[in-house]
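The values are calculated or read from the model by the stated rules, or taken from the named source; none is laboratory data. None of these values were measured; they are calculated from a predicted model. Glycine also receives a Cβ, built like all others from the backbone with ideal geometry; neighbour counts cover every protein chain displayed.
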Amino acid sequence: MKEGQPSTTAEAVAFWRALEQHYPADARVLDDPWAHHFLTRYSRTLLKLNRSPWLISRSDRTLGLGTMAYTLLRHRWMDLTFERASGPFEQVLILGAGYDMRAFRLNFGDAQIFEIDHPATGGRKARKVAALGRPDPVHRISVDFSTENLSHALERAGFQSGRRSWFFWEGVSMYLPEAAVRSTLSVLSSWGCEGVLDLFAPPEHPGLAGFYRRTLPKVVEIIGEPVDFMIRPEHGDAFARELGFRVQALATHRDLSLLSPRPAAPNENGWLMHLVPT
Ligand SMILES: C[S@@+](CC[C@H](N)C(=O)[O-])C[C@H]1O[C@@H](n2cnc3c(N)ncnc32)[C@H](O)[C@@H]1O
């Protein structure tokens, strides 16, 4: 994260969700009528110019290695996993929330909703949501996962242990050091939270394809959010167990592609887990 600046990757994924709304409803991976509110002037112009998402999908598949498809489908998988989980939940935590609008898109019933983010991104989100002029159901908490203890922040915000709680941790683990990923998950299991997260596996392709796969994350490094922690899905079970969870479900790019209403080739390195505290 660049000091004092809102996350650029949070805007990138909001841009893809906004772009997705150009598809007819029955061909869309997801509905997010709010995503465009979070775009800067530059991305709004890009959104207006790109009336052909087909062209974007083609370039995502070739140049982007399916990163956009992966991002949209992981959002969908997490929505569905929450909706199918045996609720009701009394507290919902959205960690590294960025411009995620689940608080408005999904039905959380009477649950208290907490969004946790780096201060600069969370602050910009709060201002944009206020400008919508709608009641905002979210308690917002500022935390830097790399340096701060999540437990203290949750206590400060009035989060209560012993209540049925769900977390979404989407598109964040790969930007953090392993110690920060481990400590965040340990706190979540110790507070009895069930939930979902996604992770990145290191690219293993040989030759030129592998070189390109290893180089693409460097682009993210240029915008100040370098990819750090990576782990393969085969190690998911052991990793979860060490941190006080069992794996209820695991999804790779193959599972994600089945959720798409149109042919999709999501990035092969992303994968997800539904975790239940042991
Ligand atoms: C790719 S965005 C994902 C945003 C959102 N979860 C979504 O899927 O739309 C990454 C998010 O992680 C947050 N983030 C990155 N590093 C962080 C850190 N050290 N502490 C807290 N939040 C962090 C950023 O502010 C940003 O909101």
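The figures follow:
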item	result
Counted residues, region 111-121 - those being at pLDDT 95 or above, out of contact with any helix residue (DSSP H, G or I) (no Cβ under 9 Å at 6 or more places or on another chain) and outside any strand (DSSP E or B)	1
Subset of region 98-110 [small (G, A, S) and part of a helix (DSSP H, G or I)]	A103
Single residue of region 106-125 satisfying the filter (surrounded by fewer than 16 Cβ atoms within 10 Å (Cβ to Cβ) and under 27 Å from E225 (Cα atoms)) that is farthest from the ligand (Cβ to nearest atom)	G123
Residues being more than 14 Å from E20 (Cα to Cα), among the charged types (D, E, K, R) and either modelled with pLDDT under 95 or in a loop (DSSP other than H, G, I, E, B) (or both) - total across region 44-97	2
Search result, residues across region 153-187 that are within 16 Å of F114 (Cα to Cα), at pLDDT below 95 and within 14 Å of the ligand (Cβ to nearest atom)	A153, L154
Single condition R232 does not satisfy, out of (1) within 30 Å of F159 (Cα to Cα); (2) modelled with pLDDT of 95 or more	(1)
Test: residue in region 126-141 that is buried (at least 16 other Cβ atoms within 10 Å of the Cβ) and in contact with a Leu (Cβ under 7 Å, 6 or more places away or on another chain)	no
Search result, residues across region 19-42 that are outside any loop (DSSP other than H, G, I, E, B), more than 11 Å from the ligand (Cβ to nearest atom) and within 15 Å of K128 (Cα to Cα)	H36, H37, R41
Residues (assigned to a helix (DSSP H, G or I), touching a strand residue (DSSP E or B) at 6+ places or on another chain (Cβ under 9 Å) and of a type in the set (G, A, S)) located in region 169-189	S173, S189
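This table checks each residue for (1) in a loop (DSSP other than H, G, I, E, B); (2) in contact with a helix residue (DSSP H, G or I) (Cβ under 8 Å, 6 or more places away or on another chain); (3) closer than 14 Å to L72 by Cα.
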site: D237; (1), (2), (3): no, no, no
site: R241; (1), (2), (3): no, no, no
site: L250; (1), (2), (3): no, yes, no
site: D255; (1), (2), (3): no, yes, yes
site: L259; (1), (2), (3): yes, yes, yes
site: A265; (1), (2), (3): yes, yes, yes
site: W271; (1), (2), (3): no, yes, yes
site: V276; (1), (2), (3): no, no, no
